Structures are given as structure tokens and as C-alpha cells.
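A quick write-up on the structure given underneath.
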Amino acid sequence: MAHGIIHSHLPRVLVVRPPDSFYLYQSQHSHKFHFLKAWESPLPLDQFLSTHARNVQTMLSCGRFPIDVDLLCLLPSLRLVVTPSAGLNHIDLSECRSRGVAVANAGSVASCDVADLAVGLLIDVLRKISVADRYVKQGLWTSKTSYSLGSKLRGKRIGIVGLGSIGQEVAKRLEAFGCSISYNSRKQKQSFSYPFYSNVVELSANSDALVICCGLSDQTHHLINKEVLLALGKEGVIINVGRGAIIDEKEMVQCLVQGDIGGAGLDVFENEPSIPKELFAMDNVVLSPHRGAFTHETLTSMREIAVGNLEAFFSNKPLPSRVMDD
């Protein structure tokens, strides 16, 4: 009973599905907020929300659960959605805007980690590091003399799709490796001298590797289609640290199976966690379970930013990382 009285005085934050490391939010911030944990309730979600959350003003979201018109209709008092990630494709931003619901995300805090992974995937595919690891661990080094050669990174032409904060960090790293950079983005960035291609097919045709760093939107859904992949060519490599549906996954798998492109390094997939089984047997494909931003340091920073936005809201202060309209 006393526990409930304490909670009644705390600002309430709705959590429909827990973000990663949610237990840390609870252990470190339960004295600041009363977290309404919808997933723990035996009630159907709509019933839980109409019973417990009609007056809730804030929500902590995770990328696995869509914040769409159906959900927003059940939350008439909602004024803030906080997502402890950079990606926003799970949130209907225009619907939030029309309802006066602010959105805050993690900004660019994860950009360096995601860029590190993108470069790591590229090096792994080119130099066959994961293949070499399996080769040694399976005892093949002692029983076989031949081992397929990798490909040099220096001198590669890298096409970056999306020269935002992640794309810029990827460019910086790969320049240091002696690669040449060109890019496609919504608009040309005057502060960068890299060659700009408004057409992704042309970018692909002039690249040895494409690195996908943009966000997912209606405009970028299946942006990397069969034409783009074929333009990349039989030696070309595609790296995706953006979102899975930016690539037409079925076409990519077909191109890999038929040898129309040279390889892929993928941290994201179209229907996570389901992954096309054809990819499992391919030595020229390196897979990662959407871990681009997941380091101890960055998860801590994401949590601090999320909590900072909630604290600012309840203190009537400006949100530290409010998502602004383009």
C-alpha cells in the first residue's frame, strides 16, 4: 500500500514494450518516475491503456513497437514520446505532430558506434575475417593448404547512402584507410567536397562498395532495388547499418545467390529477427543481429538522454533532443 502511495506522487511514464536494458531505468530512476509497464498486465493493451493510461502525458518507446494512429487514439493526454534510439521509423511523426505530441530521440549519440560496425563489416567481408575464424576453429588449417584470398580495402571507391551523422563518421574512417568517398543524400551537403550523386544507380555504378546509412522512410523504402544492385556489379559489396527495408531483401538475396554482387555485411534486415536462410551458407555474407548502437557506453548515454528528456518535460524545460521537423 505504501509503495503505491509513493508511486502516486511520481510522474507517470507509459512503457508499452521495454527498451533494451529497461531494468536499468527501473533500478536507477524508479525514484523519479512511476513506469506503467503495459506488457506485464494480463489485460489486452487497449483495455490497459483505457483503464490506466488515459491521463498519461509521457511514453518511453522501443523500436519494436509502432507508435501509430491506433495507439495515439488511446492516449488522448499524451504530450511526449521518448525513444532511446536514433531511428524514428516506428513512430508516425506526422500524426504526433498533428496531435501536439513532441518526440525526442537519442540524436547522434550512437553514430560513432554504428560507423565502427559498418567499417568492421566491410573489412570482414573483404578480408574474410569471419570465414578465416571458422576455417581455423574447424581444424581446416591443418588439413587443407588452400585458402581463398581476400580483397584490399585501400583504394576502394565507397558510395555512402545517407551522409548524415553516421554517414559522415563512416566517410571519415574510410578516408583514413585510403578509400575514395562519394555519396547520395536527400540534398547535397555544401560543407563536404565528396562527389555527390542525386541518382543512387549512378552512385552504385561508380562504387566498389555501398554503405547504407540513411533512415527508413516512404522515400527510402526499397531504395536499393535490383537496378542499384546490378549496377554495383559482381565484385561489389553492400553494407547495411541503416534499416533492413531500405534494401529490397528478396532481390539482394537473389543477386547474392546468382553471383550478381560480390558480398554483403548486414546488421539490419527487412523482417527482424527473421533472416533469409539462403544467407546462412554464404561465406561472402557477414551477419549481425542489429547491434550497431549496442555498446555499454552508448546504451548508458542513450538512457541518460531519454531520462533527461523526461526530466525536462516534467520540469517545463526545453527538451534536450527534440526531433525537429525537416
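The values are calculated or read from the model by the stated rules, or taken from the named source; none is laboratory data. This is a predicted model, so every value here is computed, not measured. With ideal geometry, Cβ positions are generated from the backbone for all residues, glycine too; neighbour counts draw on all protein chains shown. Remember, those area values only see protein heavy atoms, side chains included, never the ligands or the DNA or RNA. Shrake-Rupley method; radii C 1.70, N 1.55, O 1.52, S 1.80 Å.
Please list, by residue number, everything in segment 98-136 whose backbone N is under 20 Å from a paramagnetic label point 7 Å out along Cα→Cβ of E235.
Counting backbone N atoms under 20 Å from the label point, the list is 122-129.
Might you tell me the accessible area per residue for the chain, computed with a 1.4 Å probe and given in Å²?
On a per-residue basis, 51 Å².
Give me the distance in nm between label points sitting 7 Å out from Cα along the Cα-to-Cβ direction at A281 and R127, one decimal.
In this crude spin-label approximation the distance works out to 2.9 nm.
What number does the chain give for Rg over Rh if you use C-alpha atoms and the Kirkwood radius?
Computed over Cα atoms, the ratio is 1.03.
Using 0.36 nm per residue, how much length does the chain from S217 to Q254 gain when fully extended, once their Cα-Cα distance is taken away?
Working: separation 37, 0.36 × 37 = 13.32 nm, distance 2.38 nm.
Result for the pair: 10.9 nm of gain on full extension.
Quick check on segment 55-198: take the gyration tensor over C-alpha atoms, sort the square-rooted eigenvalues as a ≥ b ≥ c, and tell me if it's rounded (a/c under 1.5), prolate or oblate.
Here segment 55-198 falls in the oblate category.
Let me know the longest stretch in the chain that avoids all trypsin sites (Lys or Arg not before Pro) found in a DSSP loop with at most 16 other C-beta atoms within 10 Å. Could you put the intermediate results ahead of the total?
Details: sites that count: K32, R54, R64, R79, R99, K144, K152, R154, R186, K187, K189, K234, R291.
The longest such stretch corresponds to 235-290.
Give me the number: length gained by fully extending N271 to N55, i.e. 0.36 nm times residue separation minus the C-alpha to C-alpha distance, one decimal in nm.
Numbers: separation 216, 0.36 × 216 = 77.76 nm, distance 3.38 nm.
Gain in length upon complete extension: 74.4 nm.
Under 25 Å between alpha carbons, and skipping anything fewer than 8 positions from K250 in its own chain: which lysines qualify?
K128, K226, K234, K277
How much of the DSSP beta bridge set in the chain is antiparallel, as a percent to the nearest 5?
On the way: 2 of 37 bridges.
The antiparallel fraction comes to roughly 5 percent.
Hey, what do the phi angles of segment 155-169 turn into as Karplus ³J(HN,Hα) couplings, whole Hz, using 6.51/-1.76/1.60 and θ = phi - 60°, x for Gly and Pro?
Values, residue by residue: x, 5, 8, 9, x, 9, 9, x, 9, x, 5, 6, x, 5, 5 Hz.
Working out 0.36 nm times the residue gap between D116 and R97, then minus their Cα-Cα distance, what length gain in nm do you get to one decimal?
The span from D116 to R97 would gain 3.5 nm if fully extended.
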